[in-house]
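In what follows, a single structure is set out as structure tokens and then discussed.
The values are calculated or read from the model by the stated rules, or taken from the named source; none is laboratory data. Predicted model only: the values in this text are computed from it and were never measured. So basically every Cβ, Gly included, is an ideal-geometry build from the backbone, and we count neighbours across all protein chains shown.
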Amino acid sequence: MSVDPTLLDDLEARGLIHDTTDRAALAERLAAGPVTVYVGFDPTADSLHVGNLIGLLTLRRFQDAGHRPISLAGGATGMVGDPSGKSDERNLLDDDALAANLAGIVPQLRQFLDFEREGNPAKLLDNRAWTVGVPYLVFLRDVGKYITVNQMMAKDSVRSRLEGTDGISYTEFSYMLLQAHDFSWLFENEGCEMQMGGSDQWGNITAGTDLIRKKGMGKAHALTWPLLTKEDGTKYGKTAGGETLWLSADRMSPYRFFQAWIQVEDAEVRKLLLQLTLLPVAAIDALMAEHEAEPHRRQAQRRLAEELSTLVHGAEATAAAVAASDVVFGGKGAPNDGALALETVKVLAGEIPTASLARSSLDTGDVPALLAEAGVAASKGEAVRLIKQNGVSVNGAKLSGESTIDENDLLHGQFLLVRRGKKSVSLINFGKD
RNA sequence: GGGUCGGUGCCCGAGUGGUCAAUGGGAGCGGACUGUAAAUCCGCCGGCUUCGCCUACGGAGGUUCAAAUCCUCCUCGGCCCA
């Protein structure tokens with residue numbers, strides 16, 4: 001089995017290396033042959049989100065380079081809660097919630113890696129398997145003895161909690177030990193020599209490499225990537241509107257996911273292409289050159305959205321999102337109602353927010369009330385304002401204060417296509433007669 | 001436990017008896033310009049049966065023609081002392 005010797009350089013070029021243990025030794029080890037490497041994902045919700053994408057993709061990059069990736073679902077650690085990046089003590093998840101979260105996450109972990117690949121198939125493990133039955137005394141002897149409290153308190157997230165007024169529970173304080181134990185267990189039982197994670201995981205990861213070294217088990221490696229941030233340094237992971245970018249179609253529709261990436265600003269797009277897609281660096285450079293020549297075509301954003309949608313939701317859902325986007329944003333301004341085929345409307349209904357209202361809602365002739373009822377505006381007052389500000393169009397025509405809507409306006413006798421502002425489009429379905 | 005300062009709209013923060021749905025900033029929303037970008041500019045930004053009414057300035061009472069503003073109690077938070 002041969003490995004791709006350019007892996008580390010590629011990661012470097014993508015800006016994906018924040019820190020590593022002994023870089024020369026790591027490079028040497030990676031060049032020598034397949035390495036088993038893991039990334040942990042704690043089931044804090046029933047879906048992963050963009051914050052987890054780098055981890056998933058980095059594992060994928062390792063697999064594509066010939067190494068053996070392990071996705072670790074944190075069935076045990078998720079119960080305790082990682083204090084990293086948290087200013088408050090977490091609520092413990094009960095068993096049912098944890099099981100539900102795992103059930104949501106495991107398929108997502110699966111889809112990024114190849115579990116059948118000849119030579120270096122991926123593995124998916126749950127740390128609960130080797131954690132749940134460990135007696136406390138054994139844990140203290142085999143893990144706790146090797147890690148000093150001094151080291152644990154050196155961690156920023158722990159220190160800030162110690163200095164704060166609310167403190168930190170012994171449970172969360174112990175999180176680092178659990179993660180170190182995972183690494184040493186995987187090292188011993190799966191031949192896993194390397195752990196990766198976001199830069200906030202550095203302390204937790206090196207606790208593992210230290211434990212492995214102190215127990216005389218051998219040499220383990222670590223790599224962290226920078227947390228995904230925007231140009232201004234704030235955390236990525238939300239849309240401009242503040243929505244979390246979930247990977248689950250139930251939590252965020254493929255259309256909205258797609259749109260979120262289309263709307264990325266120029267300053268961010270190169271970095272996102274590098275870190276969140278599998279496109280070769282050279283291809284990204286070429287794409288960016290194209291983009292800079294004709295920025296209004298938004299080729300870079302489009303490609304980013306297509307690549308990510310395909311990775312997360314698959315080719316079919318991506319095609320539907322593209323089709324819906326073309327209808328909504330394809331023409332100059334609003335879609336042309338006459339040209340909107342019933343089939344297209346039906347595709348849209350699956351992709352954009354759709355409200356179902358009773359036909360009787362049309363009877364009053366009160367347009368603002370209708371918009372409020374459909375959720376286009378938060379209140380009737382807001383709807384009135386939006387109309388006054390020229391912010392609403394129905395079936396492609398701007399509404400004015402005098403506009404009315406009746407049965408004759410329904411597309412295919414059933415739908416209204418409502419645009420609010422530039423970016424937000426929704427459908428109101430009045431059902432068949 | 002004592003003292004003291006404070007709790008104002010999504011957030012920060014003015015306002016200390018009427019002129020207050022409440023100054024200002026941020027966020028958000030709409031518009032213009034554009035490229036579903038950025039920057040900039042303009043407007044909006046509690047609700048409604050919208051030239052008026054209702055609900056709101058931690059909670060409950062009270063004084064007053066009139067309270068976010070004064071009084072009482074309660075509650076929560078900061079700081080100081082024990």
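Applying the condition of being in a helix (DSSP H, G or I) and over 14 Å from A:Asp366 (Cα atoms) to the stretch A:386-408 and asking which residue is nearest to RNA strand B (Cβ to nearest atom) yields A:Leu386.
Is it the case, given these coordinates, that A:Gly375 is outside the structural domain of A:Tyr255 (by TED's automatic domain parsing), within 16 Å of RNA strand B (Cβ to nearest atom), part of a loop (DSSP other than H, G, I, E, B) and under 32 Å from the mean Cα position of the chain (by Cα)? Break it down stepwise before answering.
Values: outside the structural domain of A:Tyr255 (by TED's automatic domain parsing): yes; within 16 Å of RNA strand B (Cβ to nearest atom): yes; part of a loop (DSSP other than H, G, I, E, B): yes; under 32 Å from the mean Cα position of the chain (by Cα): yes.
Yes, satisfied.
Contact annotation: residue pairs with Cβ atoms under 6 Å, 6 or more positions apart or on different chains, pairing a residue in the stretch A:368-381 that is more than 15 Å from A:Phe415 (Cβ to Cβ) with a partner that is in a loop (DSSP other than H, G, I, E, B) and within 6 Å of RNA strand B (Cβ to nearest atom), are A:Ala372/A:Ser379. Filter the stretch A:163-203 down to the residues that are farther than 24 Å from A:Leu93 by Cβ and within 16 Å of RNA strand B (Cβ to nearest atom), then identify the one that is modelled with the lowest pLDDT. Only one residue fits best here, namely A:Thr165. The residue list A:Lys388, A:Lys346 contains one member that is at pLDDT below 85 and among the basic types (Lys, Arg), which is A:Lys346.
When the residues of the stretch A:261-272 are filtered to those that are within 20 Å of A:Val327 (Cα to Cα) and modelled with pLDDT of 90 or more, the one that is nearest to RNA strand B (Cβ to nearest atom) is A:Ile262.
Report, by residue number, each residue of the stretch A:285-310 that is within 21 Å of the chain's Cα centre (by Cα) and surrounded by 19 or more Cβ atoms within 10 Å (Cβ to Cβ). Show your work before the answer.
Step one: filter the stretch A:285-310 for residues within 21 Å of the chain's Cα centre (by Cα), giving A:300-310.
If the condition is that a residue be within 21 Å of the chain's Cα centre (by Cα) and surrounded by 19 or more Cβ atoms within 10 Å (Cβ to Cβ), then A:Ala300, A:Gln301, A:Arg303, A:Leu304, A:Ala305, A:Glu306, A:Leu308, A:Ser309 are the ones that fit.
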